[in-house]
Amino acid sequence: MQQIPVRTVSTTTAVGGKIHVRLTSGRFQNLRRIISGPLLLLYFALVWVQYEGQPWLLFDFASRRVTLFGTAMAWQDLSILAGLMIAGTCLLFFAAVGWGRVWCGFACPQSIWSWLFIRIETLTEGRAALRRREEGKPLQGQRLVRRVLKHLLWVLAALITALTFTGYFIPIRELFSQMANLEMGLTTLGWLITMTALTYLNAGLVREKICVHACPYARFQGVMFDDNTRTVSYDAARGEPRRGQADTSVRGDCVDCDLCVQVCPTGIDIRDGLQYECIDCGACIDACDAVMDKTGKPRGLIAFRSENQLAKQPSPLLRPRLLGYGAVLMITSLAVIYGFQDRSSLVLEVLRDRNTITWSNNRGELCNSYLVKVETVDRDMQGLSLSIDGPQGLYPVNTQPLTLSNGSTELTYALCNRNPDLPVRSEISFIVKAGETKVSKHSVFLLGVN
Ligand code: SF4
Ligand code: SF4
């Protein structure tokens, strides 16, 4: 297994410590757009698009509900979301074992927002070569105007991102109404400002430094990686020696144009070999393929290749580790689907009152008290009834009707015994019904023992 070398980021495209990324085009850039475009749209659509007056996704802390595409889930169903996250992690491991950091290059929010901010930079301040040339010159005139415009657009993009993120927890209409009426609480305001600042900083100012220095995924990538993992690699056997070699008869296919370095968002030179800063975005492949087309050489001087492929050794993609992660991914995905289908729209919790020792009523019968909590995912659920399934002689006293407030209720339920032959401990069940929906919860009735 190869160790990924730790090295200082090349400064070929960095001027004054800043990397000026040149935009390129090609099949991997198209693939990145096909993947990241819908993800970006989904991020906004989940909050801004409404279904029956509700956003597509809302985590409502006040009523302890999650609404997903019009389907309400109780807080207890958060395990389904946890399962979804586990399935997502398995997918990440599966992709990492197969193709390295493709998640980082094609789908990670940090990359998606960074590319968005790079586009805004190119739109306002011009192409990378111009920006590099002008770096260090006095900031005045048109250049100053363009710089200010860039930062304004970055802040606007960061603010829209932060508003949308907040909209996952507070309905976006409510948020706007709070803003318009100057009724926004300090916590929400502080959250919005922090999120805006973080987005502006991460995607605008520090970008690749997050991928290189802060992201833990870069650190454990070495563990996921083996000699058959296809990552972006330079074929030195074909490319070297580069142009500039005195003996032109032995020159390789690399014309030393430096384009692969100029398009790299982390500012590295992939010709130096495998580096942990590489996020497998494929930009250098596209840039180099275009050069190969122009020079009449076959494409693929830089390509997704494994160490074994580079060494002309057999390199199976399907291997036990990849298949293992694939199997775990399948199982967790099926468990999430099952959990989603099996969830109940009624939630019942029963707690035996441990503070009150089994007590006697005025007829001398022994009684137990229970705290019963009922929650409905569907706020309009009608006709709820509570009953007990247990031995003969147990009967309820002081019961209150099941009236829900904001989809939930909590009541004290007392059971007394008129059966002289009842054992010290009896198994009982609380049952809540609403139409066809029924849930039950097990508990015990104790005589004299608490
Ligand atoms: S070396 Fe190539 S694949 Fe790696 S980050 Fe740079 S441009 Fe992307
Ligand atoms: S883009 Fe290709 S040809 Fe140009 S320097 Fe990089 S590897 Fe060499």
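What to note about this one:
- Positive minus negative residues near N417 (Lys, Arg vs Asp, Glu; Cβ under 13 Å): +1
- Region 394-446: GluC sites (Glu not before Pro) in DSSP loop, at most 15 other beta carbons within 10 Å: E436
- Per-residue [θ]222 nm for the chain (sum of -39500 (n - 2.57) over DSSP H runs n ≥ 4, rounded to 500): -12500 deg cm²/dmol
- Radius ratio Rg over Rh of region 346-446, counting only Cα atoms, Kirkwood formula for Rh: 0.99
- For V49, the residues whose modelled amide H falls within less than 5 Å of its own, excluding neighbours fewer than 5 places apart on the same chain, are W56.
- Neighbour-count ranking [beta-carbon atoms within 10 angstrom, fewest first] of I268, I172, I160, I279: I160, I172, I268, I279
- Taking a sphere under 12 Å around the Cβ of L153 and counting the other residues whose Cβ falls inside, with K and R at +1 and D and E at -1, yields a net charge of +2.
- Region 325-388: trypsin sites (Lys or Arg not before Pro) falling in loop per DSSP and having at most 10 other Cβ within 10 Å: R354, R363
- Relative contact order of region 1-343, taken over Cα pairs closer than 8 Å and 6 or more residues apart, is 28 percent.
- The residue list G100, I172, I285 was ranked by how far each Cα lies along the charge dipole of the chain toward its positive end, using unit charges on Cβ atoms, and I285 comes out on top.
- Taken over the alpha carbons of region 20-89 as equal point scatterers, the Debye sum produces base-10 log I(q)/I(0) values at 0.17 Å⁻¹ of -0.77.
- Separation of the L152 and L139 label points, Cα + 7 Å toward Cβ, nm: 1.6
- Where labels lie 7 Å past Cα in the beta-carbon direction, separation of T188 and D226 in nm: 5.2
- Gain on full extension, evaluated as 0.36 nm per residue between R343 and K433 minus their Cα-Cα distance, stands at 30.9 nm.
- Annotation for region 138-209 versus region 65-117: alpha-carbon center distance of 23 Å.
- Over the Cα atoms of the chain, the radius of gyration divided by the Kirkwood radius equals 1.15; this is the Rg/Rh ratio.
- Rounded to the nearest 0.05, the FRET efficiency derived from the C-beta distance between A45 and N355 at R0 = 35 Å is 0.10.
- The dipole here belongs to the chain: it is taken about the Cα centre, uses +1 on the Cβ of Lys and Arg and -1 on the Cβ of Asp and Glu, and is about 1420 debye.
- Within-13-Å neighbourhood charge of W115 [Cβ basis; K, R +1; D, E -1]: +3
- Cross-link partners for K438 among the aspartates and glutamates, with Cα-Cα distance under 18 Å and sequence neighbours closer than 8 places in the same chain left out: D77, D342, E349, E375, D378, D380, D389, E410.
- Gained length - V424 relative to R319, 0.36 nm times residue gap less alpha-carbon distance: 31.8 nm
- Each of D293 and L23 was given a label point 7 Å from its Cα along the Cα-to-Cβ line. The distance between the two points is 1.8 nm.
All of the numbers you see were taken from the coordinates with simple rules; none came from a lab. Predicted model, so just to flag it, every value in this text is computed and none were measured. Positions of Cβ are generated from backbone atoms using ideal geometry, with glycine treated the same way; all protein chains shown enter the neighbour counts.
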